[in-house]
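Everything on this sheet refers to the single structure shown next.
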């Protein structure tokens, strides 16, 4: 969001977007909350024109790829380092760029 606002194109998303301090992952019949705010020292995300993030199974995808996807989600739920990595990528890592 900060980058969009700095570029002068984030006004509508700022006005209409929903600010979230965390996300909820659901798999294997259970819900798991990832506290983005805590894991990223106070960062939040703004959701705009997005209702949910789901895992997808693509045509031709092997059962192995689906198991790999579930294993990655399980890793995020059980290991703080994996959850922190997801959180930092979800909220956006700091960018060292100059906007002209």
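Of the residues screened, residue 99 is one that is in contact with a helix residue (DSSP H, G or I) (Cβ under 8 Å, 6 or more places away or on another chain), modelled with pLDDT under 80, closer than 18 Å to residue 2 by Cα and outside any helix (DSSP H, G or I).
Please verify whether residue 82 is under 30 Å from residue 9 (Cβ atoms) and modelled with pLDDT under 85, treating the condition exactly as stated. No. The numbered conditions (1) surrounded by fewer than 15 Cβ atoms within 10 Å (Cβ to Cβ); (2) closer than 25 Å to residue 1 by Cβ; (3) modelled with pLDDT of 75 or more are all true for residue 36 except (1). Among the residues of region 1-28, just one is modelled with pLDDT of 80 or more, part of a loop (DSSP other than H, G, I, E, B) and out of contact with any helix residue (DSSP H, G or I) (no Cβ under 7 Å at 6 or more places or on another chain), namely 17.
Note on region 1-20: residues that are surrounded by 15 or more Cβ atoms within 10 Å (Cβ to Cβ) and within 27 Å of residue 80 (Cβ to Cβ) total 2. Within region 28-47, residues that are touching a residue at least 12 places away in the same chain (Cβ under 8 Å) reach partners that are surrounded by fewer than 15 Cβ atoms within 10 Å (Cβ to Cβ) and in a strand (DSSP E or B) with beta carbons closer than 6 Å, at six or more positions or on different chains, in the pairs 44/19; 46/19; 47/18.
The values are calculated or read from the model by the stated rules, or taken from the named source; none is laboratory data. Values in this document were obtained by computation on a predicted structure and should not be read as measured data. Note: ideal-geometry Cβ built from the backbone for every residue, glycine included; neighbour counts use all protein chains shown.
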